[in-house]
Amino acid sequence: MLELGSEVGASAAVILLHGRHDSPERIAELAPRLGGRSRWFLAPSAAGGSWYPHSFLDPLERNQPWLDSALAAVDDVVERVDRAGLPRSRTALVGFSQGACLALEYLARRPARYGAVIGLIGGLIGPPDHTGRLDGTPVLLACGDNDDHVPLARVRETASALAGMGARVRLEVRPGGAHEIDDTGIAAAAELLDSMTRP
């Protein structure tokens, strides 16, 4: 796992989840753009560079047991942050593409009041039929409307499902946007992370 910053004196923890065939180093390149010198960034690594082998739109069983293993890997990082003494209200999950899908699925399956959950081009994995309460967890979903990998309909479906669980969901759709992170999405993410530590 790659770490930027330290738990010592950290005001918040940000767990970064990389995309398919990618790496912690690549997703960690977002850290300076997400701001906050007192933030502790943690970026775990997926085995073989992918969290699960098939599309997030496929039936859940096609991505097992890899999906359960990926969720357990996020558990390990969240538990490490817990042991460092940072509350969930100052812990954020940020993912891109497959990492965004994993972050959102983790939130739905491990419901709690997190500081923020940010899905940069992603949606819930499998059918969005989760239960549990998110108690106002702020969620940002940022995507384009011209993405061959992540249909806007699934992102909207995800927004509705998480709002139904009690999340405060913000959906940012970039007209003409394809499968890439844009400045608007990063700016919205940085703003949401800043809000975690405001009095």
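Just want to confirm a number: the relative contact order over the chain, from Cα pairs under 8 angstrom separated by 6+ residues, in percent. Walk me through the numbers on the way to the answer.
Values: 436 pairs, mean separation 38.9, N = 199.
Worked out over the chain, it gives 20 percent.
At q = 0.14, 0.26 Å⁻¹, what is the base-10 log of I(q)/I(0) for region 107-155 according to the Debye formula with one equal point scatterer per Cα and no solvent? Please give it to two decimals.
-0.38, -1.05
Could the peptides 67-73, 157-163, 117-123 be put in order, highest first, of the mean number of other beta-carbon atoms found within 10 Å of their residues? Before the final figure, lay out each step's value.
On the way: 67-73: 17.1, 157-163: 19.1, 117-123: 28.9.
Taking the mean over residues of other Cβ atoms within 10 Å, the ranking is 117-123, 157-163, 67-73.
Quick one: with all protein chains in place, what share of the accessible area of region 64-199 is carbon or sulfur, to the nearest percent (1.4 Å probe)?
Numbers: 2610 of 5550 Å².
C and S atoms contribute 47 percent here.
On full extension of the chain, what length is gained from Arg110 through Leu4, given 0.36 nm per residue of separation minus the C-alpha to C-alpha distance? Working shown, then result.
Working: separation 106, 0.36 × 106 = 38.16 nm, distance 2.49 nm.
So the chain would gain 35.7 nm between Arg110 and Leu4.
Per residue, how much accessible area does the chain have with a 1.4 Å probe, in Å²?
Roughly 43 Å² per residue, with all protein chains present.
Would you work out the charge dipole size for region 142-191 about its Cα centre, treating the Cβ of every Lys and Arg as +1 and the Cβ of every Asp and Glu as -1, and quote it to the nearest 20 debye? Mind dumping the intermediate values first?
Numbers: 5 positive and 9 negative charges, 66 e Å.
Dipole about the Cα centre, nearest 20: 320 debye.
At 7 Å along the Cα-to-beta-carbon direction for both Arg133 and Ala190, put a label point, then send me their distance in nm to one decimal.
Those two pseudo-labels are separated by 3.6 nm.
Over all directions, what mean area does the Cα convex hull of region 150-199 project, stated in square nanometres? Walk me through the numbers on the way to the answer.
Details: hull surface 16.8 nm².
Value for region 150-199: 4.2 nm².
In Å, what Kirkwood hydrodynamic radius results for region 24-101 from the alpha-carbon pair distances?
Values: mean 1/r = 0.0718 Å⁻¹.
Final number for the Kirkwood radius of region 24-101 is 13.9 Å.
Give me the number: length gained by fully extending Asp145 to Asp182, i.e. 0.36 nm times residue separation minus the C-alpha to C-alpha distance, one decimal in nm. The partial results should precede the final answer.
Numbers: separation 37, 0.36 × 37 = 13.32 nm, distance 1.28 nm.
Roughly 12.0 nm would be gained on extension.
The values are calculated or read from the model by the stated rules, or taken from the named source; none is laboratory data. Note that this is a predicted model, so its numbers are computed, not measured. We place every Cβ from the backbone using ideal geometry, glycine too, and count neighbours over all the protein chains shown. Side chains included, ligands, DNA and RNA excluded: accessible areas come from the protein's heavy atoms. Shrake-Rupley method; radii C 1.70, N 1.55, O 1.52, S 1.80 Å.
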